[in-house]
Each structure stands twice: as C-alpha cells, then as structure tokens.
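J.: Just dropping this structure here.
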Amino acid sequence: KEEPQAHDEL
Amino acid sequence: MNVFRLTGDMTHLASILVLLLKIYATKSCSGISLKTQELYALVFLARYLNLFTDFISVYNTVMKLVFIGSSLAIVWCMRMHKMVKRSYDQELDTFRHYFLIAGCFLLALLVNEKFMFPEVLWAFSIYLEAVSTIPQLVLLQRSGNVDNLTGQYVFLLGAYRALYILNWIYRYFTEPHFSRWIACVAGLVQTALYADFFYYYFLSWKNNAKLQLPS
C-alpha cells in the first residue's frame, strides 16, 4: 500500500 | 489550497465565531448541545495530533490552534461559566454520544488508510465529525424554536463540509494521486445529516419566518 498522503487538510 | 477548501475553512471558522458571539453576547447557550461541542473538541484533538510534528503551513497551524482552542473554550464555558451553564438545556441534550465515540473508534480500527496509531486516530476523527452533529440536531428538534444565531451556527457548520466535498471533487480532477475516499464518504454522510435542517432553514429564509423544526 502506498504511503498515506500527509493530511494537509484541516 | 483551492477556493472551495478556503471557503470551507472560512465557513467553519465563521460558524465558530457565530457560536462564540452567541455565548458571549447573550451569556446563554440555550439551544446548543454540549455533547456536540465535546465531540468536536475530541475530533480536533484526535485529528490535530500532528500539530507539532508535521508543519504544513502557517495557515494550517494557526487554524488548528484556533479550532482546538475555541472548541475547548466553548466546552469549558458551557460546563463552568456560572451564567452560561444555567442556560444549558441539560434535560433536552440527552443523546448518548458515548456510543458514537465507541462506534467511530471501532470503525476506525477496521477501516483506515494504514493501521498505524496516527492514521487510526485520523480516521476516528473523520468518522466522529461526520456524526458529531447528531446531538445538536436532536436538541434543535426537541427545543422547537431556534434562535437566529443558533440557526446560523448550525447552517454554517453544515455548509462547510458541503464546500469540502466540492474541494475533494476539484482535487480529484486536478491532482493525479489524490484519493481521500474515507474523508469523502464521511463528508457525504455528514452533509446528508443536515439535509432536512437545510430544507427548513431555506423555508424560514424564503418565508422570512422563524426557523421551526418539526419535533
């Protein structure tokens, strides 16, 4: 599984 | 950052400012569900754990601090401030929100982007936010008449996540590897919960009448 994207949203 | 997300964040900020205005100006929290406020404080604490570890932008950090600070201040105010807590509709705000917390945590353990502590907490905060407004909507239906500031607060709170859905659609089409299906599905559920409130809010606006929710 690809690395989860950094959660850049609030 | 796109216009939908920025507008969404501003709408969310506006909902918090309207709530603070109501509590500060009227020294009353009638019509406001303490349970929803507690759930939102939990949502922000669970979601913004990376506040000090992952720096994304000044805007992101400032907004996280504002959301955490304001939600804790509102819970404190409704619990401790002697004037405010007297106006709390304790006998109407009886939704058992602990079940929501337990259910969302179990779901987060099962469905998450990666079975790691921060990711499970993030998914928990997403699911919890989706249902956190239920005690507030139940309280509104029970209390019948809704004062303007409370109605505007709930409307803005519902509208912000609808704008986030537009943001996810926009990002899906403009960013190659964008996949936020957990947030998107939860966001759709969250917005759908407001559907009937939006309907009665629109009616009250159209007929220039007091906002009345059928009990």
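The values are calculated or read from the model by the stated rules, or taken from the named source; none is laboratory data. In this text, all values refer to a predicted model and were calculated from it rather than measured experimentally. Neighbour counts are summed over all protein chains in view; Cβ atoms, including those assigned to glycine, are modelled from backbone coordinates with ideal geometry.
J.: Determine whether B:K206 is more than 17 Å from B:A14 (Cβ to Cβ), surrounded by fewer than 17 Cβ atoms within 10 Å (Cβ to Cβ), touching a helix residue (DSSP H, G or I) at 6+ places or on another chain (Cβ under 9 Å) and of a type in the set (K, R).
T.: On the way: more than 17 Å from B:A14 (Cβ to Cβ): yes; surrounded by fewer than 17 Cβ atoms within 10 Å (Cβ to Cβ): yes; touching a helix residue (DSSP H, G or I) at 6+ places or on another chain (Cβ under 9 Å): no; of a type in the set (K, R): yes.
Taking the combined requirement at face value, the residue does not satisfy it.
J.: If the requirement is being within 20 Å of B:A41 (Cβ to Cβ), within 14 Å of another protein chain (Cβ to nearest Cβ), assigned to a helix (DSSP H, G or I) and modelled with pLDDT of 95 or more, which of these qualifies: B:I101, B:I126, B:I169, B:I182?
T.: Numbers: B:I101 fails: within 14 Å of another protein chain (Cβ to nearest Cβ); B:I169 fails: within 20 Å of B:A41 (Cβ to Cβ); B:I182 fails: within 20 Å of B:A41 (Cβ to Cβ).
That would be B:I126, the only listed residue that is within 20 Å of B:A41 (Cβ to Cβ), within 14 Å of another protein chain (Cβ to nearest Cβ), assigned to a helix (DSSP H, G or I) and modelled with pLDDT of 95 or more.
J.: Right, something else. Condition check: surrounded by 16 or more Cβ atoms within 10 Å (Cβ to Cβ), over 28 Å from A:A6 (Cβ atoms), over 17 Å from the mean Cα position of the chain (by Cα) and at pLDDT 95 or above. Does B:C29 satisfy that?
T.: On the way: surrounded by 16 or more Cβ atoms within 10 Å (Cβ to Cβ): yes; over 28 Å from A:A6 (Cβ atoms): yes; over 17 Å from the mean Cα position of the chain (by Cα): no; at pLDDT 95 or above: yes.
The answer is no for B:C29.
J.: Just to be sure, is B:K35 basic (K, R), in a helix (DSSP H, G or I) and within 10 Å of chain A (Cβ to nearest Cβ)? Walk me through it before giving the result.
T.: Values: basic (K, R): yes; in a helix (DSSP H, G or I): yes; within 10 Å of chain A (Cβ to nearest Cβ): no.
When the stated conditions are applied, B:K35 does not pass them.
J.: Consider B:V120 carefully, then state whether it is more than 14 Å from chain A (Cβ to nearest Cβ), surrounded by 14 or more Cβ atoms within 10 Å (Cβ to Cβ) and either of a type outside the set (G, A, S) or closer than 18 Å to B:L39 by Cβ (or both).
T.: On the way: more than 14 Å from chain A (Cβ to nearest Cβ): no; surrounded by 14 or more Cβ atoms within 10 Å (Cβ to Cβ): yes; either of a type outside the set (G, A, S) or closer than 18 Å to B:L39 by Cβ (or both): yes.
So B:V120 does not fit the description; no.
J.: Then there's this: Can we say B:Y40 is within 14 Å of chain A (Cβ to nearest Cβ) and within 21 Å of B:L92 (Cβ to Cβ)?
T.: Judged against the criteria, B:Y40 is a match.
J.: Could you identify the single residue in B:I68, B:I56, B:I74 that is within 10 Å of chain A (Cβ to nearest Cβ) and β-branched (V, I, T)? Write out each step before concluding.
T.: Working: B:I68 fails: within 10 Å of chain A (Cβ to nearest Cβ); B:I74 fails: within 10 Å of chain A (Cβ to nearest Cβ).
Just one listed residue meets the conditions, B:I56.
J.: Yes or no: B:F115 surrounded by fewer than 21 Cβ atoms within 10 Å (Cβ to Cβ) and among the hydrophobic types (A, V, I, L, M, F, W, C)?
T.: Numbers: surrounded by fewer than 21 Cβ atoms within 10 Å (Cβ to Cβ): yes; among the hydrophobic types (A, V, I, L, M, F, W, C): yes.
Answer is yes for this residue.
J.: Out of curiosity, is B:V138 assigned to a helix (DSSP H, G or I), in contact (Cβ under 8 Å) with a residue 60 or more places away in the chain and either acidic (D, E) or closer than 22 Å to B:V18 by Cβ (or both)? Quick ask: steps written out before the conclusion?
T.: Values: assigned to a helix (DSSP H, G or I): yes; in contact (Cβ under 8 Å) with a residue 60 or more places away in the chain: yes; either acidic (D, E) or closer than 22 Å to B:V18 by Cβ (or both): yes.
Answer is yes for this residue.
J.: Restricting attention to the range B:43-53, and to residues there that are within 13 Å of chain A (Cβ to nearest Cβ) and not in a helix (DSSP H, G or I), which single residue is farthest from B:L21 (Cα to Cα)? Break it down into steps so the answer makes sense when it comes.
T.: Here is the first cut: in the range B:43-53, the ones within 13 Å of chain A (Cβ to nearest Cβ) are B:43-44, B:46-51, B:53.
Okay, now just the ones that are also not in a helix (DSSP H, G or I), so B:48, B:53.
On the way: B:Y48: 25, B:T53: 32 Å.
Checking each candidate, the answer is B:T53.
J.: Please tell me if B:A25 is under 30 Å from B:R171 (Cβ atoms) and away from chain A (no Cβ under 14 Å).
T.: For B:A25, the condition - under 30 Å from B:R171 (Cβ atoms) and away from chain A (no Cβ under 14 Å) - is not met.
J.: Still on this structure, I have one more. Just the residues that are outside any helix (DSSP H, G or I) and either surrounded by fewer than 16 Cβ atoms within 10 Å (Cβ to Cβ) or not aromatic (F, W, Y) (or both), please, taken from the range B:65-98.
T.: Let us first name the residues in the range B:65-98 that are outside any helix (DSSP H, G or I), namely B:81, B:87-96.
Result: B:H81, B:S87, B:D89, B:Q90, B:E91, B:L92, B:D93, B:T94, B:R96.
J.: Residue under question is B:A108, and the condition is that it be in contact with a Leu (Cβ under 9 Å, 6 or more places away or on another chain), under 21 Å from B:N50 (Cα atoms), more than 14 Å from chain A (Cβ to nearest Cβ) and crowded, with 21+ Cβ neighbours inside 10 Å; does it hold? Steps first, please.
T.: Numbers: in contact with a Leu (Cβ under 9 Å, 6 or more places away or on another chain): yes; under 21 Å from B:N50 (Cα atoms): yes; more than 14 Å from chain A (Cβ to nearest Cβ): no; crowded, with 21+ Cβ neighbours inside 10 Å: yes.
Taking the combined requirement at face value, the residue does not satisfy it.
J.: Does B:Y160 qualify as being buried (at least 17 other Cβ atoms within 10 Å of the Cβ) and touching a His at 6+ places or on another chain (Cβ under 9 Å)?
T.: Details: buried (at least 17 other Cβ atoms within 10 Å of the Cβ): yes; touching a His at 6+ places or on another chain (Cβ under 9 Å): yes.
Yes.
J.: Kindly check whether there is at least one residue in the range B:187-195 that is touching a Leu at 6+ places or on another chain (Cβ under 6 Å) and either in contact (Cβ under 8 Å) with a residue 24 or more places away in the chain or of a type outside the set (F, W, Y) (or both). Let's see the steps before the verdict.
T.: Pass one, the range B:187-195, residues touching a Leu at 6+ places or on another chain (Cβ under 6 Å): none.
Checking the range B:187-195: not a single residue is touching a Leu at 6+ places or on another chain (Cβ under 6 Å) and either in contact (Cβ under 8 Å) with a residue 24 or more places away in the chain or of a type outside the set (F, W, Y) (or both).
J.: Let me ask you something else. Answer yes or no as to whether B:L51 is modelled with pLDDT of 95 or more and more than 20 Å from B:S87 (Cα to Cα). Write out each step before concluding.
T.: Values: modelled with pLDDT of 95 or more: no; more than 20 Å from B:S87 (Cα to Cα): yes.
Considered against the rule, which asks whether it is modelled with pLDDT of 95 or more and more than 20 Å from B:S87 (Cα to Cα), B:L51 comes out as no.
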